[in-house]
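Just below is one structure, and these are the notes that go with it.
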Amino acid sequence: MGCSASRSNSVARNRPGDRSPTRAWWWRHNEHGEYEGNDVYADPSIKASQGLSSKFGVPASVLTEYREHGIDNLRRANNDRAAGYARLLELVHPDPKRPFPGWHPRSGEYGSPRLFIFSTCEHLIAQLQSAPIAKDGSEAGEAVDAKWEGAHGHSHASARYSVLSRPAPSELPDPEPTDLRALENVRRFNYILDYERHQRDQIVRPQRFVEV
């Protein structure tokens, strides 16, 4: 479990806000510009014990080790492999009745999928393109080959966990104002939010010094 400890320390160093190990967390900004916790879904096996005990005397697992290092927002993912595969197919399939979002180069056109992946997610893209489908067993034709995914498809598995944690479609954003005065008011409001967020960050983050 040394790998878990090393990863936990890395997460604790990189998170925003209070950097004490007991308050390690992954954060995101909500629509109001406020910090809020972001659950992270992991393989359900993180709770499996290998017959060891933690320093608190409870059965040790990957989950308990992360928690001992301050990372307590891990959640056991839905590991229904067939459902995850079906959900991924559903989300990446172009929908002729769905318009591309406003930020997309094809904005205004129809035929948009419901899932977009950054080009920088090279491992995930490669695994989605090359994942072999199970040929035998109870998952034949209904899921990606389990042995392949366990050895080479960790990004694919993460995508499965993600899409099954978000079963409902996202809400449509408010349309951008076309009136110049309304647009200026929106810009001013966003500027105030950014300023308040910056001020809050200065309070919650300790001073960082660079050794020279």
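Throughout, read-outs are computed from the coordinates displayed, never taken from laboratory work. As the structure is a prediction and not an experimental result, all values here were calculated from the model. Note that we place each Cβ from the backbone using ideal geometry, even for glycine, and neighbour counts take in every protein chain shown.
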Q | Over segment 51-124 - Rg/Rh using Cα atoms and the Kirkwood inverse-distance radius | A | 1.24
Q. Once label points are set 7 Å from the Cα along Cα→Cβ at both A146 and R76, what is their separation, rounded to one decimal in nm?
A. 1.7
Q) Can you give the extra length, in nm with one decimal, that the chain gains between Q129 and H93 once fully stretched, where that is 0.36 nm per residue apart less the Cα-Cα distance? A) 11.6 nm
Q. For the residues D145, D136, what sequence is obtained by ranking on other C-beta atoms within 10 Å, fewest first?
A. D136, D145
Q | Exposure proxy ranking, count of Cβ atoms within 10 Å, fewest first, for K47, K135 | A | K135, K47
Q | Sites F189 and F118 - FRET efficiency at Förster radius 35 Å, r taken between beta-carbons, to 0.05 | A | 0.80
**Q.** Spin-label pair W103/S53, simplified geometry with 7 Å Cα→Cβ offset, distance in nm
**A.** 5.0
**Q.** Residue (of S112, I125, V163) at the positive-pole extreme of segment 81-164, dipole from beta-carbon charges
**A.** S112
